[in-house]
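Some notes on the structure that comes next.
The values are calculated or read from the model by the stated rules, or taken from the named source; none is laboratory data. Note that this is a predicted model, so its numbers are computed, not measured. Note that we place each Cβ from the backbone using ideal geometry, even for glycine, and neighbour counts take in every protein chain shown. When the accessible area is computed, the model is the full protein with side chains, heavy atoms only, and any ligands, DNA or RNA have been set aside. Shrake-Rupley method; radii C 1.70, N 1.55, O 1.52, S 1.80 Å.
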Amino acid sequence: MAAITLRVLDGADRGKIYQDIEVPVTIGREEGNTIQLNDERISRFHLKIQKDHDDLVLTDLESTNGTRVNNEDVRLRILRHGDLISVGRSTLIFGTRVEINERLERLSSANRALGLDSKASRASGDLAVQGDWQDDPNYQLALLGLDPPRLPERMSPGQAAQLSEVIEFLHMHLRSVVSDVEIDPRLNRIVLTNKQWQKVLDAQARLAELLLKISDPE
């Protein structure tokens, strides 16, 4: 069984540490949850964290006020050490200080290898030890990897073909915008017409719809 650590950074239960708890883990305000938080804005059974193959997946259990990971509203999310989970008025950080620093160091090393070591990455290197994540607006940026998320494995040929169609559709949608933009070398900027901008917004809207269908297929 996989064991995880969650630390409460903000909220009525601030300072509590749930160390090496075995998944699946549920978080909510009622008894019967693995982690019961004293927060009236949290649903009775708010979210669940479970292992799926090699990943730890967070699922929002149709909570009233939703779940945010790294300040993004989510229904489904693969968790990585250092992720900030916000529910109600409470914020939890996923992972031990050692696990988070190891991840930050890997990301920082990857940046240095490509010559992309930024001030944000360097400033956030000791953040997990200091515990002052709220004081650094670049903390979440430092947790972003350079590589895109990996594609799902163990897909059937039909599922792989469906995913390929979705990506190809969005690729063609964005390519039509990129091919029509105007470059102004004097001002060092790219100019989009209202029509092109609406295409970009439409692509974002379609992605939002797809994310909803994936997280809530019914």
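At-a-glance table
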read-out	value
FRET E, pair D52, L170, Förster distance 30 Å, beta-carbon r, rounded to 0.05	0.75
Average accessible area per residue (Å²) across segment 1-80 - probe 1.4 Å, nucleic acids and ligands excluded	57
Accessible-area composition of segment 24-68, carbon plus sulfur, in percent [1.4 Å probe]	37
Segment 29-68: radius of gyration and largest Cα-Cα distance (Dmax), Å	10.9, 34
L163/E40 FRET efficiency (R0 35 Å; Cβ-Cβ; nearest 0.05)	0.30
Around R154: net Lys/Arg minus Asp/Glu count, Cβ-Cβ under 14 Å	-3
Highest average packing first - 198-209, 156-167, Cβ atoms within 10 Å	198-209, 156-167
Cα pair distances in segment 1-51, grouped into 5 Å bins until the bin that holds the longest one, percent each	5, 22, 29, 29, 13, 3, 0
Label point distance in nm, I190-D20, each placed 7 Å from Cα along Cα→Cβ	5.0
Net charge, L61 excluded, C-beta distance under 10 Å - Lys, Arg +1, Asp, Glu -1	+1
